[in-house]
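To keep things clear, I will list the structure first and then write my remarks on it.
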Amino acid sequence: MKESDVKNCRILIRNEENKQIIADTEIIRFDSHTNSVYISADSLRERKPYNISAYIFEKECLYEFSGSIRGVLVGNEIEVLLGRSRKKESRARTRYPVALEGNIDGIIIEEKMIKLRKAIYVETIDMSSNGILMKADSGCFGIGDCFSLNLKVEDGEIQLNCKVVRIQNSNMLTEEYGCRISEVWMERETVQENVR
């Protein structure tokens, strides 16, 4: 791997202790001597040591690493030690299991967000670099429908704008919706300290 290959690429980081996603951000730079990448310190709510899995979405490949974060600030950056690569596959085919709960509270019609009266509960099955497979009640969506999806993670929510591209495994109660992701951003929970 070279810096030119991974700089500005998306990296998704999972805490191996509880399997929760703790960061979904971009790589600022790569250090080949230490086999580390650096991400914005704001990407992590808690700057502490973690044992992690890191998924780097390069242009043509998905890299999966088993590594660690020491939680040390370097300027406004956190170092992610990548460790050894467990697999390197074609990005277009690679999906990995991510079990998260969330809800859809709005649909997008002609680029305008329309809030739903009652949010639709969903469970994710797996994700790729630009797609997500999720399970929800039957009949919630048709192919071509666009919506805003909020997924609960360890310290906030990941918000995604998605478009349904396929429907599978339908039964009377649930269906699986394969969706293309067009936008992703993370909202952190604000921690309020008690002042005495």
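The values are calculated or read from the model by the stated rules, or taken from the named source; none is laboratory data. In this text, all values refer to a predicted model and were calculated from it rather than measured experimentally. All Cβ positions, even for glycine, are placed from backbone atoms using ideal geometry, and neighbour counts span all protein chains on display. We work out accessible area using only protein heavy atoms, side chains counted, and drop any ligands, DNA or RNA first. Shrake-Rupley method; radii C 1.70, N 1.55, O 1.52, S 1.80 Å.
Numerical summary
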{"item": "Test set (1) more than 21 Å from residue 18 (Cα to Cα); (2) open to solvent by 20 Å² or more (accessible area, probe 1.4 Å); (3) part of a strand (DSSP E or B) - residue 157 fails condition number", "result": "(1)"}
{"item": "Residue 18 open to solvent by 10 Å² or more (accessible area, probe 1.4 Å) and part of a strand (DSSP E or B)", "result": "no"}
{"item": "Tally, over region 114-130, of residues that are under 12 Å from residue 176 (Cβ atoms) and either open to solvent by less than 50 Å² (accessible area, probe 1.4 Å) or of a type in the set (D, E, K, R) (or both)", "result": "4"}
{"item": "Residue ID - most open to solvent (accessible area, probe 1.4 Å), chosen from residues in region 144-154 that are over 14 Å from residue 101 (Cα atoms) and not in a strand (DSSP E or B)", "result": "145"}
{"item": "Condition check for residue 43: within 27 Å of residue 182 (Cβ to Cβ) and among the hydroxyl-bearing types (Ser, Thr, Tyr)", "result": "yes"}
{"item": "Matching residues, region 177-186, being surrounded by 17 or more Cβ atoms within 10 Å (Cβ to Cβ) and either at pLDDT 90 or above or of a type in the set (Ser, Thr, Tyr) (or both)", "result": "177, 178, 179"}
{"item": "Index of the failed condition, residue 23 passing every other in (1) surrounded by fewer than 18 Cβ atoms within 10 Å (Cβ to Cβ); (2) closer than 20 Å to residue 125 by Cα", "result": "(1)"}
{"item": "Every residue from region 26-41 that is open to solvent by 70 Å² or more (accessible area, probe 1.4 Å), at pLDDT 90 or above and more than 16 Å from the chain's Cα centre (by Cα)", "result": "29"}
{"item": "Filter result (under 20 Å from the mean Cα position of the chain (by Cα) and hydroxyl-bearing (Ser, Thr, Tyr)) within region 112-148", "result": "121, 124, 128, 129, 148"}
{"item": "Test for residue 141: is it in a strand (DSSP E or B), under 17 Å from residue 165 (Cα atoms) and of a type in the set (Phe, Trp, Tyr)", "result": "no"}
{"item": "Residue list for region 21-39, filter: closer than 25 Å to residue 131 by Cβ and in a strand (DSSP E or B)", "result": "21, 22, 23, 24, 25, 26, 37, 39"}
{"item": "Residues of region 42-78 classified as of a type in the set (A, V, I, L, M, F, W, C) and either within 14 Å of residue 5 (Cα to Cα) or over 17 Å from the mean Cα position of the chain (by Cα) (or both), total", "result": "9"}
